[in-house]
Amino acid sequence: MNYPLAYPANVNLETLRAIIEACIEFGIKKILVGSFPIKGFSWERMDSFFGYKELFEDLNVDFIDLSHSDNLKEISLENFEEPIKIPEEILNSSKLIIVNQVNVHPLFDFSSSILNLYSIISPEYQKIIKQEKKGKDYLFLDQYKKDLAKKILDVYEIKKPILVINDLFNLIEKAGPISFKNSKIKKTNIMILGNDSVAVDALTLKLFGLDPMNNELLFSAMERDLGNINVDKMEIVGLQLNENTLKIKSCDKDLENLKVHNTFLRKGRYCSGCYEKAFYLLNFMNTYLFKDLKYIKKQWFLIGENPDEPEDNTNVILFGDCACNTTKTYNFRKTVHLKKVVPIKARFLKLFKKKIEIKEITKEIIHDNKKILELQGCPPNFFDCLASLIKYYRKNNMPNLNFIQKTIELLTQQKEKNDNRGSFK
């Protein structure tokens with residue numbers, strides 16, 4: 001429940017209610033429901049969108065804002081530079097249940113329950129800090145993805161759920177995990193439940209016709225002996241897998257296939273971090289900025305290490321540190337203007353010989369190209385990219401994006417904290 005978007009970007013509230021009712025029926029005395037919303041939002045703001053408390057006010061359930069928890073416990077993990085903080089409501093719970101809405105995901109094929117559990121820590125701690133190792137090719141090894149998988153599994157080991165629910169009744173395919181123009185909704189009427197996150201995710205992947213061994217996250221979990229990914233050795237109750245295999249359209253792995261109006265992509269070598277953030281940004285532009293891009297006749301989008309040179313130097317967007325740092329000597333960095341001038345010698349002679357013929361010569365004037373937008377970061381921050389686009393093109397040329405940005409600022413604007421929890425207008 002971390003996006004300010006409706007189902008199936010977020011969990012199905014009918015599914016959530018059914019699970020809560022089942023817990024009450026089994027005699028659970030205290031039920032807590034919570035989430036870390038996307039950065040900039042709070043649980044109160046999400047509640048104002050969807051009315052969680054009002055929907056469940058007849059049930060014995062407490063909704064908690066994990067980002068404002070008063071009881072945070074520091075835990076040191078190998079792959080974190082500093083201790084992370086986890087709400088004690090999670091650590092002290094006798095039973096942890098994961099209710100996971102399944103959609104396609106650009107990095108890990110689909111939004112798995114293991115990836116869902118990564119949200120027991122705040123977005124602040126979910127970031128990956130680039131750490132290059134001597135003698136290792138960071139991009140070739142895709143070290144970003146390996147480090148991310150390790151951090152996700154480190155968090156998974158802190159508190160394993162006793163019940164995992166992968167909800168596939170309706171899912172987003174082709175472009176996800178949130179809704180974009182290219183997204184498609186697929187109805188399956190299938191739900192997968194189990195007490196082993198790794199097994200449930202492996203079975204879900206197998207249902208999609210994909211091999212769990214080729215999934216970075218599940219393969220790493222198997223290597224760490226965190227669960228079973230061999231479907232043949234699972235005890236499966238319900239529908240037979242071979243009779244109900246689903247074929248879903250995964251996220252496109254080639255960014256060049258994301259056709260964005262008046263935008264031409266040039267790529268070099270890049271890691272999964274820049275791929276994921278560029279995937280979101282390009283899909284966002286394609287979904288919400290179509291009218292804005294009509295005003296922008298042409299723009300070049302460069303990503304990765306040593307990307308191909310654009311055909312001209314008009315509106316060049318450099319995405320990520322690799323693109324910014326490896327294009328310093330590219331031709332588009334300079335602009336050449338032709339200017340007709342009178343040679344100094346001819347001007348001097350003209351002072352003494354009025355009838356002398358003066359011939360103009362054409363001279364090249366070279367300047368730094370100012371039509372370049374550098375979106376720095378490894379990888380860049382999505383919301384910073386939106387703000388930079390408005391500043392670069394100016395809000396008059398991007399009315400849609402300016403409206404969206406103002407809306408985001410309004411929705412995330414906090415009042416002064418008056419009860420150590422925060423409140424909103």
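State all residues of the stretch 283-318 that are outside any loop (DSSP other than H, G, I, E, B) and basic (K, R); if no residue qualifies, say none. Can you show your working first?
Applying the first criterion (outside any loop (DSSP other than H, G, I, E, B)) to the stretch 283-318 yields 283-288, 290-295, 299-303, 305, 316-318.
Passing the criteria: K291, K294.
When the stretch 319-354 is examined, which residues are found to be within 30 Å of E276 (Cβ to Cβ) and either assigned to a strand (DSSP E or B) or modelled with pLDDT under 75 (or both)?
Matches in the stretch 319-354: F319 only.
Could you check, for the stretch 130-142, whether at least one of its residues is free of Cβ contacts under 8 Å to residues at least 60 places away in the same chain and either touching a Gly at 6+ places or on another chain (Cβ under 8 Å) or closer than 28 Å to V33 by Cα (or both)?
Scanning the stretch 130-142, I find no residue that is free of Cβ contacts under 8 Å to residues at least 60 places away in the same chain and either touching a Gly at 6+ places or on another chain (Cβ under 8 Å) or closer than 28 Å to V33 by Cα (or both), so the answer is no.
So which residues in the stretch 4-59 are more than 24 Å from the chain's Cα centre (by Cα), under 16 Å from L163 (Cβ atoms) and either of a type in the set (S, T, Y) or part of a loop (DSSP other than H, G, I, E, B) (or both)?
T15, F26, G27, I28, I31
Could you tell me whether I24 is closer than 22 Å to V155 by Cα and free of Cβ contacts under 8 Å to residues at least 60 places away in the same chain? If you could, list the steps in order and put the result at the bottom.
On the way: closer than 22 Å to V155 by Cα: no; free of Cβ contacts under 8 Å to residues at least 60 places away in the same chain: yes.
So I24 fails the test.
With respect to V155, determine if the residue is outside any strand (DSSP E or B), more than 30 Å from F290 (Cα to Cα), within 24 Å of the chain's Cα centre (by Cα) and modelled with pLDDT of 95 or more.
Details: outside any strand (DSSP E or B): yes; more than 30 Å from F290 (Cα to Cα): yes; within 24 Å of the chain's Cα centre (by Cα): yes; modelled with pLDDT of 95 or more: no.
No: the conditions fail for V155.
Identify all residues within the stretch 219-239 that are free of Cβ contacts under 8 Å to residues at least 24 places away in the same chain and surrounded by fewer than 14 Cβ atoms within 10 Å (Cβ to Cβ); write none if there are none. Spell out the reasoning first.
Within the stretch 219-239, the subset free of Cβ contacts under 8 Å to residues at least 24 places away in the same chain is 219, 223, 225, 232-233, 235, 237-238.
Within the stretch 219-239, E223, D225, D232, K233, E235, V237, G238 meet the criteria.
Condition first: at pLDDT below 85, touching a Phe, Trp or Tyr at 6+ places or on another chain (Cβ under 9 Å) and within 19 Å of A221 (Cβ to Cβ). Now tell me which residues in the stretch 69-125 satisfy that.
F80
If L141 meets every condition in (1) closer than 22 Å to F383 by Cβ; (2) of a type in the set (A, V, I, L, M); (3) assigned to a loop (DSSP other than H, G, I, E, B) apart from one, which number is that one?
It is condition (1) that L141 fails.
In this structure, does K186 turn out to be more than 21 Å from the chain's Cα centre (by Cα), surrounded by 17 or more Cβ atoms within 10 Å (Cβ to Cβ) and assigned to a strand (DSSP E or B)?
On the way: more than 21 Å from the chain's Cα centre (by Cα): yes; surrounded by 17 or more Cβ atoms within 10 Å (Cβ to Cβ): yes; assigned to a strand (DSSP E or B): yes.
So K186 fits the description; yes.
The values are calculated or read from the model by the stated rules, or taken from the named source; none is laboratory data. This one's a predicted model, so the numbers in the text were calculated from it and none came from an experiment. Every residue, glycine as well, gets a Cβ built from its backbone with ideal geometry; the counts of neighbours run over all protein chains shown.
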